[in-house]
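*Asks:* To start, I am sharing the structure in question, which I have written as structure tokens.
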Ligand code: BGC
């Protein structure tokens, strides 16, 4: 990790050696692609008034550079077509910037639409064609734009805490002269969850909208274009509300003294909606108000995120969401007082169904009990297709694993019922799909059928925040390929607008320590830019008055009272924004977050003036689930855990260092000095208190050395001895890993950095307990919470805490992409405009290939060993450059596309030693051919 200086990117790039290009044939500059606004493709209803634009230059030539760009933005597509940027014409800007280009045109009022395109100029000052047009629109920016009311059932909820039937709301209206409509847009939000329907059809494909924020402060609004769905004459809007995070059960509420088991934010969901029909001469509006009709007598009887749905198809109200339905018997909706919650646009990709899974097996472990195996542990729900007599109830229960007798193992769900019940209408083939719950499962048990089902009765719907896939990984070892897939599936299972710990049990909170460990892996796997843009404000919302960051965000309880201020959990409030900056060159997140990050550091400092984090560590989880927690005969129960004070002080030092770097990026010189000095003092205090002159770190654990090295806490002369001790620590564990959530990826990285690559490969390909390989051999399709989640012969770990889909130990994905494939961010130049290629072939691997779709373009790296040669293919995207470390024992014989390196266009040799050749690469595709003799030959 970080070797950061406070150089700016441009200063860094200016210092890079000049690269001779020569006359490399092939390809030409094409129109830029991949246009995004605020990280999203064509977003509607944003509220960022200075949105940031990005694109990817398209130019396959070596050395392709963007030397200038021109963006034009128009308020209608016809103007854009004739190159009239009536909102903004950037002019020709001499710049290589392709992301985070801030719109600087006319102010963008509420509801305005912007169409945009871009062209670029290459190194020869030749222009590209214009890109295809892209667009965004603004939402309702002022509270005054909303004359819609909050509506719902405003009557006092009944005594007790039983779930209440989720209401349906309906509004009939007429539209004349549909042909004259310029645009019709719905802005809709709920305290709770909503599904919106218009004229009998669902609007949009968002699931679990408006998603989870701290509803006491902020709620997100979604915007849908419904122009094509309106009809001449009678129309109808229908909304199904449900409890969701607002009124339903939330994990851990059961352990909060006096806390309600549900309804943490409120007991009854409510709706706010504005349909705006725009014409040349004005605007018509249909808004949520007291004229809407409402009923709690619909088919959906219960909907809870943790427990599941109860749906009675006998109660369906055909046509309720279409014109012509007689709603006279429905009472009028009531106005719900506006509690002043702020309505904000949704900045992240919506939760969607991203893929469907077919069963791979169907068994009947007991008569009439059918178990479908979907072949993959995931988060979402099942679509059921069955027929049967009216009034019969089909029950779907979900589980991650089976008991030996083939029945569901549900003990690790704790109190989450994860059960959906569907009562048949009796009308032929019926399809039911829950929409206001989600489960973490691989197996679904179906009971209550009158006849044996076929596999087509169940389809698994994979549901999560739909961040685009960013990274791919493949190599000659199927175990590692499965591991990469398991990491990605675990990430998908834990992205439901917040980064959660697990999707199956009654918890599912945005645990900060877990995402701190996983954030870089998460960025390699999926594009997290928009997701973190949404979540980082959740972290600020949950910051306690005194500056403590929460243990999880959103924080549905009271962060001033509990679950805040924990080392390596609270520190995610510093690490994750920094990760967002490094990966996406996002300086805005630093601007918005800096003060908050300072408050966290200042709080630790105020309480620990001697710079060792001894006081106020609150729940003090430490290096969670390290190998002291393993339950195995003969396995030591002490000696793996880094002492908590040492662990905490290391995080205090590292977070302070990061805050100093943030200040440097923001040009806040005094803060950079202040926090830089403080970080150095903490580092020295750490060494004085916990590091012996011979390099022994208090506790003498694998974890302790790994974290101290990773965070740069040791003086230079002690680093190699510390790494040696780290390796010596393996002896007590029979050569096995003993690290926890936070130290695991540090261990892999520091082994690699200090000459122990073979050890790192041994660990990642190990199949003995504890290891990633062991879990895979037991059939894991996701990452387990614990190294010993299940042990053959012993069985499952403590069901009170044994999720089989927890991503923290999957943080090794960062090492897989950074070391096996060799793609790494360059810390001085965020956003991959300059990056590092450093593949380290090892173990028994004979080939590996991978790619990472960075914000600056698609980076690829593939290697294969052929006898005594290593073939290495690299793609450096147009307008970027890379420092490549070519692993070879004989730098002199290195070739690129058959040429000596010094004659290869785009390659500049910098240095050469026994580890290989270091060179600078211009944009382009390269085929290196290197001498290769593995160690020991
Ligand atoms: C969660 C963890 C979390 C932890 C705090 C657990 O219940 O599942 O992943 O970080 O609590 O120690």
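*Asks:* Just how many % of Cα pairs in the range 779-830 lie over 18 Å apart, if you round to the nearest whole percent?
*Replies:* Here the tail beyond 18 Å accounts for 49 percent of pairs.
*Asks:* Something else now. Give me the base-10 log of I(q)/I(0) for the range 357-405 at each q in 0.13 Å⁻¹, Debye formula, one uniform scatterer per Cα, rounded to two decimals.
*Replies:* -0.36
*Asks:* Then there is this: Seen from all sides and averaged, what is the projected area of the convex hull of the Cα atoms in the range 13-168, in nm²?
*Replies:* So the Cα hull casts an average projection of 15.9 nm².
*Asks:* Also, I was wondering about something else. What list do you get for 705, 409 if you sort them by fewest beta carbons within 10 Å?
*Replies:* With the fewest neighbours first, 705, 409 line up as 409, 705.
*Asks:* Could you tell me the convex hull volume per residue, in Å³, taken over the Cα atoms of the range 571-689?
*Replies:* Hull volume over Cα atoms, normalised by residue count, gives 116 Å³.
*Asks:* If you wrap the range 134-260's Cα atoms in a convex hull and average its projection over all directions, what's the area in nm²?
*Replies:* Reported value for the Cα convex hull: 10.6 nm².
*Asks:* Please report the base-10 log of the normalised intensity I(q)/I(0) for the range 207-261, using a Debye sum with one equal scatterer per alpha carbon and no solvent, at each q in 0.19, 0.22 (1/Å).
*Replies:* Debye output, listed in q order: -0.85, -1.00.
*Asks:* Moving on. One quarter of the convex hull surface, Cα atoms only: what value does that give for the range 466-537 in nm²?
*Replies:* Computing the convex hull of the Cα atoms and averaging its projections yields 5.1 nm².
*Asks:* Go ahead and estimate [θ] at 222 nm for the chain from helices alone: -39,500 (n - 2.57) per DSSP H run with n ≥ 4, summed, over the residue count, rounded to 500.
*Replies:* Helix contribution divided over all residues of the chain: -6000 deg cm²/dmol.
*Asks:* How big is the C-alpha Rg of the range 881-928 next to the rule-of-thumb value 2.2 N^0.38 Å, as a ratio?
*Replies:* Output field value: 1.00.
*Asks:* Moving on to the next point. Calculate the radius of gyration of the Cα atoms of the chain to one decimal place, then report Dmax, the largest Cα-Cα distance, as a whole number, both in Å.
*Replies:* Expressed in Å, the Cα Rg and Dmax of the chain come to 28.6, 87.
*Asks:* Using only Cα atoms, find the angle between the long axis of helix 669-690 and the longest principal axis of the chain, and express it within 0 to 90 degrees, rounded to the nearest 10.
*Replies:* Orientation of helix 669-690: about 70 degrees from the principal axis.
*Asks:* Between residue 326 and residue 178, take the C-beta separation as r, use R0 = 22 Å, and let me know the FRET efficiency to the nearest 0.05.
*Replies:* Here the calculated transfer efficiency is 0.35.
*Asks:* May I ask for log10 I(q)/I(0) of the range 98-155 at q = 0.24, 0.30 Å⁻¹, from a Debye sum over the Cα atoms as equal point scatterers with solvent left out?
*Replies:* Scattering profile of the range 98-155, log10 relative to I(0): -1.09, -1.26.
*Asks:* Over its Cα atoms, what ratio of radius of gyration to 2.2 N^0.38 Å does the range 797-937 give?
*Replies:* 1.18
*Asks:* Considering every pair of different Cα atoms, what Kirkwood radius, in Å, is found for the range 490-608?
*Replies:* One over the average 1/r among Cα pairs gives 14.2 Å for the range 490-608.
*Asks:* Rg to Rh ratio, the range 50-104, alpha-carbon atoms and Kirkwood radius?
*Replies:* Computed over Cα atoms, the ratio is 1.02.
*Asks:* Quick check: the angle from helix 744-753's long axis to the longest principal axis of the chain, C-alpha only, nearest 10 degrees?
*Replies:* 30 degrees
*Asks:* Sticking with this structure for a sec: Treating the angle as unsigned and between 0 and 90°, give the value, to the nearest 10°, between the Cα long axis of helix 587-607 and the longest Cα principal axis of the chain.
*Replies:* Long axis of 587-607 versus the principal axis of the chain: about 80 degrees.
Bear in mind that the values in this text are calculations on the coordinates, not laboratory data. Note that the structure is a prediction, hence the values are computed from the model and not measured. Note: ideal-geometry Cβ built from the backbone for every residue, glycine included; neighbour counts use all protein chains shown.
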